[in-house]
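A short worksheet on the structure shown next.
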Number of protein chains: 2
Amino acid sequence: MKQIYDYIDSNFNNFLEDLKDLLRIPSISSNPEKKGDVRNCAYFAANKLKEIGINKVNIFDTQGHPIVYGEWLGAPGKPTLLIYGHYDVQPPEPLELWKYPPFEPVIEDDKIWARGATDDKGQFFAHLKSVESIFKVEGTLPINVKFLFEGEEEIGSSNLKIFLDKHKELLKCDAVLISDTSLYEPGVPTITYGLRGLCYAEIEVEGPNRDLHSGSYGGAVINPLNALTNIISKLKDKNEKITIPNFYKDVLKISDKEKKAIKKLKFNEKEFLSSIGLKNSIGEKGFNALERIWFRPSLDCNGIWGGFTGEGAKTVIPSKAFAKISIRLVLNQNPAKIFKELEKYLKSLAPKDLKINVKQLHGGDPAIVPIDHPVIAIASKSLTEVFGKETCFIREGGSIPIVVEFMKKLKAPAILMGLGLDSENLHSPNEHFSLTHLRLGMKASANFIMNFANYKRK
Amino acid sequence: MKQIYDYIDSNFNNFLEDLKDLLRIPSISSNPEKKGDVRNCAYFAANKLKEIGINKVNIFDTQGHPIVYGEWLGAPGKPTLLIYGHYDVQPPEPLELWKYPPFEPVIEDDKIWARGATDDKGQFFAHLKSVESIFKVEGTLPINVKFLFEGEEEIGSSNLKIFLDKHKELLKCDAVLISDTSLYEPGVPTITYGLRGLCYAEIEVEGPNRDLHSGSYGGAVINPLNALTNIISKLKDKNEKITIPNFYKDVLKISDKEKKAIKKLKFNEKEFLSSIGLKNSIGEKGFNALERIWFRPSLDCNGIWGGFTGEGAKTVIPSKAFAKISIRLVLNQNPAKIFKELEKYLKSLAPKDLKINVKQLHGGDPAIVPIDHPVIAIASKSLTEVFGKETCFIREGGSIPIVVEFMKKLKAPAILMGLGLDSENLHSPNEHFSLTHLRLGMKASANFIMNFANYKRK
C-alpha cells in the first residue's frame, strides 16, 4: 500500500488541478440555461475515466441530463465494485455572499472553495484518483470496477431510477461505494449504515360548504381548523408515541452492536440541542435524541394552513383546512402499509360532518446495511488504517432515496463512505471541502479497493 | 295614526324618488377616489334633514368622512330619540355580476335595486320619511329627535367612536333607534336585542431557532406545528366546552322569557344546517344551534399557518407556527379579562422549549337590551300593530361594535329595528330592498315615535 500512498502524496497537487477543472464547470442541473454546461461536465467526467484507465466508457442520454458509465472488468472471478457519484451541483445563489466566485475554485486554509467541492465533485473525485493511483503503481486493478455518475441528484434522480431498472445486468456488482455524506467529526472516519424511510401525506378536511362568519355560526357548527388540530393532536400520545394502529409492529429493536457503536460516539445531546436553540429533546420515551433520530420512526406536521392568515382579525370559519404530515420509517416498516394505516386512522378520527381526504405524496423505504456485514467490515478497516482512528458508524435520520434504490434493485450493500462535513456549506454560499479529508479519502478508497479483492459474496 | 299612514301611502312613490337620488351617490367609504362623493352624500342627507323639518343641522368634519347631525328639540319634557344610520356603502365590485348598474336605482318586483338599498340608505330613509310624515300631518313631533348619520360604518366607524366620546352631551337621549339589521323572516317584525362580544387573539409559537430538516431532527425535537395543534386542541373538551379557567363564571343564564321567545321562532335547525352543507350542530352540550349562537360563548380558530404549504412534499420542521383564535362573548363576560385568562392558559399549555407569544387583536363587549325593557316593549308593540304579526326577538351571534358603543357611552338602550333581509345581497352584487318592508318600516317608525312620547325614563 505504501507505494500507492506515496503516489497519491506526490501527485496530490496535480490531482487538485484536475479537480479545479471539474469544479469550473457550472453544472447546475436545476437551471435549464445550464443544460450545455451539465452535458460538458458529463463529457469531462467520461474523459477523466478514460484517462485513468477505465477502458469502456459510455454516455447515456436520458430525458434529462446524461448518465456517465464506465467499467473495467479485467479481474474475472474477483469482486465487482460500483462507484457512484453525481456531477451536478446546486445553484450558487445568492452570489453576493460568496467569498470567491463559485465556479473559480480557490485553495486556501487547507480547503478547496467552490460550488460542488464537497457535494459531490470533490468526494467522487477521491475514488477516481485512487483508481488512477492503483493503475499507475500496480499496472492493473485487483477487482472489477464500474463507475456511475449522474447529473440529476440535486433534482431528484428520476432518470437514474429508470436507468437502474433498465440496466440491472450492466450494473451488477458486489457492493456500491458512495461518498456523498459526512464525517461524524473532522478527522473521524465514518460509515453511514442506516437510513430512515418516508411516508408523506397531505390531508384536506372540509366542514361547511362555504366560508362562514364566526359570529353568525360560531359555537354551533364544525370548524375545520379546530377539527384538524384535534385530529393532528391525536396522532401522538403524551409520551410522544405514535398512535396509528399497528405502527410499531414491524419496527426492529436496536441491536447490542448498534448500542455499543452509539456509546462510542459520545454524542453530546446538550450541544446538539443548543445549536438549534433548544434545551430538551422531546420525543419517544426511553430513547435519547440520537436513538430517536436514527433508530425510531417519527411523525411530524410539516405544514398546515387554512382560514385567514393575513394581517389583523377576520372572523371566518373556513370551509376547508389542510396539513402535510410526514412519517419517518425504520426497518422493517413499509411505506405503503403505513400509509394505509394512517389513512384509515385519520378517517376514524374525523368527527361527524367533517369530510377528510388523505393523499400520499411520497414514499420511500428505510434501509440499512447491517453493521457487521463483511463489506462494511472491510471498508471500516480501511478507513481506520488510513485515518488512524477507529471508524464510527452512524445512521442518518433522513432518507437518501437513490441509496435505497441501489440496494433494492442491485441487491448489493451500499457503503456510504462520507468524506464531507455538515459544516462545509453544501447547498449554501462558500461551499468548500477539506484537502486533508480529500487526501485521506483517496488513500482509504485505494486501501478498500485493494482489500475488497478478498471479499467473497455469500 | 291613520292619517299618518295615509300620508305615507299616498306619498310613497315620491319618497322613492328621494331614495333614488340618495342611492345614486356612490358614497363608497373605502375608496379614496370617492371621497368627494362621500362628502356629497353627507350634504345630501343634511339637506334632507332640513327639508323634513329638522331645524338644527350640522356637518362635522372628522379625520375621515363627515358625520351628519341634526336635531329638533321642540318637545321639552318629552323623551329624546337618537336615530342612527350610515350613508356610506360597500364597493360594488364585481360590476359584471350586477343586473342593473349599482348606482342607477331600478324598481322591479316590489324591490329597489342598488348598492346601499338595504345597507343602510334604504333602512335609515324609513325613519327620515316617518318624521317628515308626522311633521306634515301633525305640524309638530311628540318627542325630541336627534339624527346621526356616519360615513364610515363599512370601514370600522373609528371616527364615530371619537365623536361619541367628545359629544356625549349633544347626543344625550333616552333611546337609540337603529335600522341596520334583518327581519327574522320576510314580513315578520323583528327586534335584535342581544349581540355577542369578541376577544380575538393571534398566537405565535417558536421552537428551534431555525427551520430544520425533518429527517435529521424528526422525533427528537419539538415541532412548533404539532405543538400548536396540541395547544389549540386543548382549548375545548370533548363536549365542546371551552376549557379556559374561569371562562363561564360570568356567563348569564338564558331567562325564561328568552326561552319562550326562542320557542316562538320555530327555528328549523335541520334547514339551517343543510343550507351550509351540514347535518349536525356540533357545539356545547345541552343547547341547540340557535342557543349556542345567540346565548353561549364560543371559540374558533380562524386561521392557522406554518411550515411548507406549497405543492408537493417538503420535509421541514419550521421554527415558527401561527394561529388566530376568536372567542365570542356573552354577558357578563369581559373581553380584557377573558384575554388575560386565555393568554395565561395558552402559556400554561406550552410544552418545554416552546416560546409562545399571544397578542390581542380585537376586543368588543357583548351587549343586550333586556327583552322586557320598556322601550323594547313600545317598539315591539308598534311593529306588531303595523306588520300585523307578533314581533319576534332575536339575538345576533356576531358583534355590531357601534351599537355597543352607543349603549356604553350614551347609557341608553338601543332598539335594533331591522328592516332588511339577510338575502338582500348586502355586500354583494344586486343589493336590493323590499318596498313592502320599506313602507311597513316607515309606518312602524311613525307609530313608535308617537308612542315613545309616553315613555318615562326610570
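Coordinate-derived values only; no laboratory data. Quick caveat, the model's predicted, so the values are computed rather than measured. FYI the Cβ positions are ideal-geometry reconstructions off the backbone, even for glycines, and counts take in every protein chain you see.
The alpha-carbon positions of the range A:195-315 define a convex hull whose volume is 169 Å³ per residue.
With the simple spin-label model, which puts each label point 7 Å out from Cα in the Cβ direction, the A:Asp165 to A:Ser30 separation comes to 2.6 nm. Restricting the calculation to Cα atoms, the range B:26-73 shows an Rg/Rh of 1.03 when the hydrodynamic-style radius is the Kirkwood one.
Distance from a point 7 Å along Cα→Cβ of A:Lys411 to each backbone N in the range A:358-373: keep the residues under 19 Å and list them by number. Zone members listed by number: A:367-370, A:373. In this Cβ point-charge picture (+1 for Lys and Arg, -1 for Asp and Glu), the protein assembly as shown has a dipole of about 3420 debye about its Cα centre.
For the range B:312-360, pairs of C-alpha atoms spaced more than 15 angstrom apart make up 58 percent of the total.
Look at the dipole of the protein assembly as shown built from charges on Cβ: of A:Ile59, A:Ala412, A:Ala313, the Cα furthest out on the positive end belongs to A:Ala412. Counting every C-alpha pair in the range B:1-158, the share spaced more than 23 angstrom apart comes to 39%. Charge dipole of the range A:1-135 (Cα centre as origin; +1 on each Lys and Arg Cβ, -1 on each Asp and Glu Cβ, all else neutral): 440 debye, rounded to the nearest 20. Residue separation of A:Lys456 and A:Glu108 scaled by 0.36 nm, minus their Cα-Cα distance, works out to 121.0 nm of gained length. All C-alpha to C-alpha distances of the range A:316-458, sorted into 5 Å bins beginning at zero, yield P(r) values of 1, 7, 13, 14, 14, 13, 10, 8, 7, 5, 4, 3, 2, 0, 0 percent in whole numbers. The fewest-to-most ranking of A:Val221, A:Val137 by surrounding Cβ atoms within 10 Å reads A:Val137, A:Val221. Across the range B:61-68, coupling constants 3J(HN,Hα) worked out from phi with the 6.51/-1.76/1.60 Karplus curve, θ = phi - 60°, read 6, 10, 5, x, 8, x, 10, 9 Hz, and Gly and Pro carry x.
The local environment of B:Asp18, defined by Cβ-Cβ distances under 10 Å, has a net charge of -1 under the rule Lys, Arg +1 and Asp, Glu -1.
When restricted to Cα atoms, the range B:4-46 yields an Rg and a Dmax of 13.8, 43 Å, respectively. Axis of helix A:435-452 versus longest Cα principal axis of chain A: the two differ by about 80°, to the nearest ten degrees.
Peptide A:316-323 has a mean shielding of 4, counted as Cβ atoms of other protein chains within 10 Å of each residue's Cβ. Between copies, A:Lys359 shows label-point distances of 3.2 nm, shortest first, with the point placed 7 angstrom from Cα along Cα to C-beta.
Beyond 43 Å, what share of the Cα-Cα pairs of chain B remains, rounded to the nearest whole percent? Tail fraction, whole percent: 22.
Phi angles of the range B:70-75 translate, via the Karplus equation with coefficients 6.51, -1.76, 1.60 and θ = phi - 60°, into HN-Hα couplings of x, 9, 10, 10, x, 10 Hz per residue; Gly and Pro are given as x. Fewest neighbouring Cβ atoms within 10 Å first, the residues A:Arg115, A:Arg296 line up as A:Arg296, A:Arg115.
Kirkwood analysis of the Cα pair distances in the range B:135-189 returns a hydrodynamic radius of 14.4 Å.
Taking other residues whose beta carbon is less than 15 angstrom from the beta carbon of B:Val316, and scoring Lys, Arg as +1 and Asp, Glu as -1, yields 0.
Taking Cβ atoms as reference points and 13 Å as the exclusive limit, the residues near A:Gly364 contribute a net charge of +1, counting Lys and Arg as +1 and Asp and Glu as -1.
A P(r) calculated from all alpha carbon pairs of the range A:306-396, with 5 Å bins opening at zero, reads 2, 10, 13, 12, 10, 10, 9, 8, 7, 6, 5, 5, 3, 0 percent.
Summary of the geometry: the range B:280-353 and the range A:46-119, compared by the centres of their Cα atoms, lie 53 Å apart. Rounded to two decimals, the Cα-based Rg/Rh of the protein assembly as shown, with Kirkwood Rh, is 1.16.
Dipole magnitude for chain A: computed about the Cα centre from +1 point charges on Lys and Arg Cβ and -1 point charges on Asp and Glu Cβ, it is near 1940 debye. Each residue of the range A:375-389 was assigned a 3J(HN,Hα) from its phi angle through the Karplus expression (A = 6.51, B = -1.76, C = 1.60, θ = phi - 60°), giving 5, 5, 4, 5, 4, 4, 4, 4, 4, 4, 4, 6, 7, x, 9 Hz with x at Gly and Pro.
Listed cross-link partners B:Lys78/B:Lys168; B:Lys48/B:Lys121; A:Lys234/A:Lys324 are compared with a 23 Å cut-off, the Cα-Cα value being larger for no pair. For the peptides B:374-382, A:412-420, the ranking by packing is A:412-420, B:374-382, with the highest mean count of neighbouring Cβ atoms within 10 Å listed first. Inter-copy label distances for A:Asp372: 8.7 nm (label point placed 7 Å from Cα along Cα→Cβ; shortest first).
Taking 21 Å as the limit for the C-alpha separation, the pairs A:Lys249/A:Lys344; A:Lys34/A:Lys111; A:Lys136/A:Lys443; A:Lys161/A:Lys409; A:Lys257/A:Lys381 exceed it in the case of A:Lys34/A:Lys111.
When the range B:377-431 is described by a simple charge dipole with +1 on each Lys and Arg Cβ and -1 on each Asp and Glu Cβ, the residue from B:Ser428, B:Thr384, B:Ile402 located farthest towards its positive end is B:Ile402.
In this assembly of identical copies, the label point of A:Asp165 (Cα plus 7 Å along Cα-to-Cβ) is separated from its counterparts by 7.0 nm, sorted shortest first.
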